[in-house]
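Only one structure is covered here, and it is reproduced in the block below.
The values are calculated or read from the model by the stated rules, or taken from the named source; none is laboratory data. Remember, predicted model here, so these are calculated numbers, not experimental data. Here the Cβ positions follow ideal geometry from the backbone for every residue, glycine too, while neighbour counts run over all protein chains shown. In case anyone asks, the SASA skips ligands and DNA or RNA and just uses the protein heavy atoms, side chains included. Shrake-Rupley method; radii C 1.70, N 1.55, O 1.52, S 1.80 Å.
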Amino acid sequence: TLTIPRAIRATGRLSSGVVGSTVSDEFADWEAAMVKEHAADCEASTFARAQAFSNPAAGDKDVNRLGSSAGGDYKGGWEKRLVGRSVIGLDNAPYLTRVGEPRRDLIQISKEPILTNDECAAIIDSAEKHAAASGWGSRYTYQDSSHEVHVSNLPVARVILDTLLSTTLLPAAAQAFPIFKPESLVVYNALVVKYDASTGRVAMPPHGDFGLLTFNIPLNSRGEDYQGGGTWFQALQQGDPSGGSQGGSQGGSVLAPPRGCAVLHASPLVHAGAPLVSGERYQLVVFVMSSEVPDVSGRLQHLGGKLLNAGDAPAAVKVLEQSVRANGLDGETWYQLGLARQAAGDLEGAEKALAQGLRLGEAAGGGEDDAEGCGNVSFECAFTLGSVQKALNRTQDAEESFRRCIEVGAPPSPLKAKKELDATHNWGMTLLDQKRFEDAGLVFEQVIEADPNAAESWASLGVVMAELGQTEAALACQKQVLGINAMRESSRLSDSRLSDSRLSDSRSSEVPVPIELLTERGQPGALTLEAPWVMGTPTNPVKGNDSPSDRNRVFLLGPFW
């Protein structure tokens, strides 16, 4: 159920098939409603607040003052990771050391464990006992990506977390980001998240968290209890020294600290759960707000995403337009606006919003002195932009967008290779449209070499061969398409008969006959080449949930995404 701010509802200006009024064009109304909603959320939090700590540097008279310089019980220090100068807003506000001074260390890793091994084990045990009685959920995080349970439902874990919050986490967060007073920091939710290779819930797609700061704390050990995993950040350069890095050729890196150590990051930074290869991975995730920093743009973005997921694209457009008005330098918000405009049928407007999101991602780097920050380019934004440009017959622009996808690389996921091949295929389609047949043929051959069962690329290569006058090769490509489609249909029928609902991987279990063999057979016949198509036709949004962390990731995807 959508939660629409009462202040907006009362004006009768929210036009939505879900709620049934008119959306206000007055930003002041939305801003006031979001500030009021933020205050109510802070007030409703039942988690522990920061304790009073003495600040020796300030003298005895401040012994009961909440001092961010003390940092609570944790004294191990933080290792900083740099992002671009304006990844989520001008100078990365509101995470400034002081007004007007850019803040780039928006990701920090504790140098020592914040949770002991016993505490980690107790939280896992508490979560598993709750799940055994009530089951795991996935309402708050993305469905089918992971299991979850709320810490508020785990008495043992709640005691551990409340103690940790008051003595360590919140004071340490205020120490890392001195502009936030420790007494203003409030936890609005905390989860134990479980990835399990045996169930296929192994990764979480790219998203940004709603809120101000997020703690990610691994509860078991990488390399011992599981392989793979970690948290990928779009705004980090590939090849992070913390180990376990993976990402695209230009952007993104995975952080995988030891058990009990924390990754503290600005919540809006786009990140993902990297794929688990084997075993079970447990993660404690804590979401923090500040009572003094209402994130108006983030709240509007969250509401716009919920409206879009509910199928009300026009209302989503209006809300997201207010979000970019609140913060016009967040590329993720422009990406969301582009998706909403596309869903509403406004392809011209979608192209403008997506292009702005991509430009902001490109410009987010900090310049030649960057040690780690690499911009904030979104593979999904570039892919969607290319698909919209293709639909608008702006073929050369679409070619550049798909080439950018290939340069950046898809985020880590079980479908990473598939997404990159789809981008490569679409690049080939833009070359085909421009009648650059030799270039297009080389690109389609790249896809086929990586995936011999890529029927779409075989069909397109057949068109290329026909245009180049190579009839036998064109017929051979067509036979490959027919063979692959027959194999898929046979596999589908076989799968439908399995009583245990197990799925067979027909795409990897069989390989079509090589081109030269089909050509040698020379079987004549009235074969009509299948028309090429762009992989990446619009699909329904990825159904997340109604949680603040759901950034409503929507891809223009190929048939297997």
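Inspect all residues belonging to the range 324-335 and state whether any of them is among the polar types (S, T, N, Q), modelled with pLDDT under 95, farther than 28 Å from Asp422 by Cα and open to solvent by 10 Å² or more (accessible area, probe 1.4 Å). Checking the range 324-335: at least one residue is among the polar types (S, T, N, Q), modelled with pLDDT under 95, farther than 28 Å from Asp422 by Cα and open to solvent by 10 Å² or more (accessible area, probe 1.4 Å). For Phe210, are the conditions met, namely being part of a loop (DSSP other than H, G, I, E, B), farther than 23 Å from Ser253 by Cα and either in contact with a Ser or Thr (Cβ under 7 Å, 6 or more places away or on another chain) or among the charged types (D, E, K, R) (or both)? The answer is no for Phe210.
Yes/no per residue for (1) assigned to a helix (DSSP H, G or I); (2) in contact with a Phe, Trp or Tyr (Cβ under 7 Å, 6 or more places away or on another chain):
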{"residue": "Glu280", "(1), (2)": "no, yes"}
{"residue": "Leu284", "(1), (2)": "no, no"}
{"residue": "Gly298", "(1), (2)": "yes, yes"}
{"residue": "Leu303", "(1), (2)": "yes, no"}
{"residue": "Val317", "(1), (2)": "yes, no"}
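Can Ser278 be described as within 30 Å of Asp125 (Cα to Cα) and surrounded by fewer than 24 Cβ atoms within 10 Å (Cβ to Cβ)? For Ser278, the condition - within 30 Å of Asp125 (Cα to Cα) and surrounded by fewer than 24 Cβ atoms within 10 Å (Cβ to Cβ) - is met.
If I filter the range 394-413 down to residues being polar (S, T, N, Q) and modelled with pLDDT of 95 or more, which single residue comes out as most open to solvent (accessible area, probe 1.4 Å)? Lay out the reasoning, then the answer.
Step one: of the range 394-413, the residues polar (S, T, N, Q) are 395-396, 401, 413.
Imposing the further condition that a residue be modelled with pLDDT of 95 or more reduces the set to 395-396, 401.
Details: Thr395: 28, Gln396: 132, Ser401: 8 Å².
The residue in question is Gln396.
The set of residues from the range 336-356 being open to solvent by 40 Å² or more (accessible area, probe 1.4 Å) and either polar (S, T, N, Q) or closer than 19 Å to Gly208 by Cβ (or both) comprises just one member, Gln356.
Does Leu219 count as over 19 Å from the mean Cα position of the chain (by Cα), surrounded by 24 or more Cβ atoms within 10 Å (Cβ to Cβ) and in contact (Cβ under 8 Å) with a residue 60 or more places away in the chain? Steps first, answer last, please.
On the way: over 19 Å from the mean Cα position of the chain (by Cα): yes; surrounded by 24 or more Cβ atoms within 10 Å (Cβ to Cβ): yes; in contact (Cβ under 8 Å) with a residue 60 or more places away in the chain: yes.
For Leu219, the condition - over 19 Å from the mean Cα position of the chain (by Cα), surrounded by 24 or more Cβ atoms within 10 Å (Cβ to Cβ) and in contact (Cβ under 8 Å) with a residue 60 or more places away in the chain - is met.
If only one of Val254, Val285 is within 25 Å of Glu43 (Cβ to Cβ) and of a type in the set (A, V, I, L, M, F, W, C), which one is it? Before the answer, list the steps.
Details: Val254 fails: within 25 Å of Glu43 (Cβ to Cβ).
Checking each option against the conditions leaves just Val285.
Within the range 155-199, the residues that satisfy the criterion of being of a type outside the set (Val, Ile, Thr), at pLDDT below 90 and in a loop (DSSP other than H, G, I, E, B) are Phe177, Pro178, Phe180, Lys181.
In contact with a strand residue (DSSP E or B) (Cβ under 7 Å, 6 or more places away or on another chain), aliphatic (A, V, I, L, M) and either surrounded by 23 or more Cβ atoms within 10 Å (Cβ to Cβ) or at pLDDT below 90 (or both): does that describe Ala315? Give the derivation first.
Details: in contact with a strand residue (DSSP E or B) (Cβ under 7 Å, 6 or more places away or on another chain): no; aliphatic (A, V, I, L, M): yes; either surrounded by 23 or more Cβ atoms within 10 Å (Cβ to Cβ) or at pLDDT below 90 (or both): yes.
Criteria not met by Ala315.
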